[in-house]
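*Asks:* Right, I'll just put the structure down here and ask away after.
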Amino acid sequence: GEDVEQSLFLSVREGDSSVINCTYTDSSSTYLYWYKQEPGAGLQLLTYIFSNMDMKQDQRLTVLLNKKDKHLSLRIADTQTGDSAIYFCAERGPGFQKLVFGTGTRLLVSP
Amino acid sequence: EAQVTQNPRYLITVTGKKLTVTCSQNMNHEYMSWYRQDPGLGLRQIYYSMNVEVTDKGDVPEGYKVSRKEKRNFPLILESPSPNQTSLYFCASSPLAGSGGELFFGEGSRLTVL
C-alpha cells in the first residue's frame with residue numbers, strides 16, 4: 001500500500017532556509033501536497049505539485065520532486081518564527097478517493 | 001466565509017456512550033472525508049464520501065459510522081466509543097474538479113474517551 005514518510009523534527013534559526021523532506025512509495029501518484037498545521041488549527045494547503053513537474057516555486061516556498069527516487073522536498077527561504085508549525089506531505093493516487101498523509105514534521109524556528 | 005465547521009471542538013465522554021461529531025461545509029463540495037490525527041502516525045482516513053448517499057471506508061473505519069444524506073453534512077458517529085478512539089478528528093471537503101484536489105479542513109474535534 002501507499003506509505004509516506006517524513007522526519008519528525010527540524011529546528012532552524014530565523015532567517016535561515018528550512019528544508020523539509022518526504023519520501024513516498026506510490027509510483028502512480030498524481031499530485032503531491034504540502035500542508036501546514038498551526039497549533040490548535042486544522043491543516044491548510046501551502047502548495048502542491050503535479051507529478052509530471054520537477055519544481056514549483058511560490059514566493060518563499062520551493063517544492064522539488066524527484067520521481068525516480070520518490071522524494072519530495074519543501075524549502076522555505078528566510079524562515080520566520082511564524083513558520084513554526086507542523087508540515088505534512090501528502091500524495092494522491094490516480095483515483096480521487098484517498099489522500100495519504102505523512103507523519104508530519106514539526107518545524108521550530110528560533111529567533 | 002467558505003469554511004468547514006465541526007462540532008463539538010472538545011469532548012470528554014465515557015466508554016460506550018454513543019456520540020456524534022457533526023461536520024458541515026458551505027462550499028458545495030462533492031467530496032468529504034474524516035481523518036484522525038495521532039502522535040507519530042500523521043493523519044489516517046476513517047471514511048470518505050464522493051457525493052450524497054455515497055460513502056466508503058478509509059484505512060481505519062472500525063468503530064465508526066458515517067452518513068451523507070445531504071451534500072453539506074457528513075457526521076461521524078461513534079456507536080460505542082472506546083479509549084483507543086481518543087484522538088483529534090478532522091473533517092475535510094474538496095471539489096472533485098479543479099484546484100488540484102485541495103482539501104479544506106475543519107478546525108478539529110478533540111475527543112477523549114475515559
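The values are calculated or read from the model by the stated rules, or taken from the named source; none is laboratory data. For clarity, every value in this text was computed on a predicted model and none was experimentally measured. Heads up, the Cβs are rebuilt from the backbone with ideal geometry, glycines too, and the neighbour counts pull from every protein chain shown. For accessibility, only protein heavy atoms count, side chains too; no ligands or nucleic acids. Shrake-Rupley method; radii C 1.70, N 1.55, O 1.52, S 1.80 Å.
*Asks:* Percent of accessible area on chain B owned by carbon and sulfur, 1.4 Å probe? Before the final figure, lay out each step's value.
*Replies:* Numbers: 2760 of 5350 Å².
Accessible surface attributable to carbon and sulfur in chain B totals 52 percent.
*Asks:* Using a Gaussian network for chain B with springs between C-alpha atoms less than 10 Å apart, which of these wobbles most: B:Ser93, B:Ser33, B:Ser67?
*Replies:* Looking only at B:Ser93, B:Ser33, B:Ser67, the largest GNM fluctuation is found for B:Ser67.
*Asks:* Straight distance only, please: which lysines reach the Cα of B:Lys18 with their own Cα at less than 22 Å, same-chain residues fewer than 8 apart left out?
*Replies:* Answer for B:Lys18, where 22 Å is the Cα cut-off: B:Lys57, B:Lys65, B:Lys69, listed by chain and number.
*Asks:* Another question, if that's okay. Round to a whole number: what % of the accessible area of chain A belongs to carbon and sulfur, probe 1.4 Å?
*Replies:* Numbers: 2670 of 5430 Å².
Ligands and nucleic acids excluded, carbon and sulfur reach 49 percent.
*Asks:* Can I ask one more? Of the listed pairs A:Lys36/B:Lys17; A:Lys67/B:Lys71; A:Lys67/A:Lys98; A:Lys36/A:Lys67, which have alpha-carbon separations greater than 27 Å here? Present the calculation step by step, with values, prior to reporting the outcome.
*Replies:* Numbers: A:Lys36/B:Lys17 34 Å; A:Lys67/B:Lys71 36 Å; A:Lys67/A:Lys98 20 Å; A:Lys36/A:Lys67 23 Å.
Long pairs (Cα-Cα over 27 Å): A:Lys36/B:Lys17; A:Lys67/B:Lys71.
*Asks:* Keeping every protein chain present and rolling a 1.4 Å probe, give me the accessible area per residue for the protein assembly as shown in Å². Mind showing how you got there, number by number?
*Replies:* Values: 10780 Å² over 225 residues.
Per-residue accessible area for the protein assembly as shown comes out at 48 Å².
*Asks:* Name all residues of segment B:62-82 having a backbone nitrogen under 12 Å from the label point set 7 Å from the Cα of B:Thr15 along its Cα→Cβ direction, giving them as ranges.
*Replies:* B:81-82
*Asks:* How big is the A/B interface in buried accessible area, both sides summed, 1.4 Å probe, to the nearest 100 Å²?
*Replies:* Details: alone 6300 and 6180 Å², together 10780 Å².
In total, chains A and B hide about 1700 Å² from solvent.
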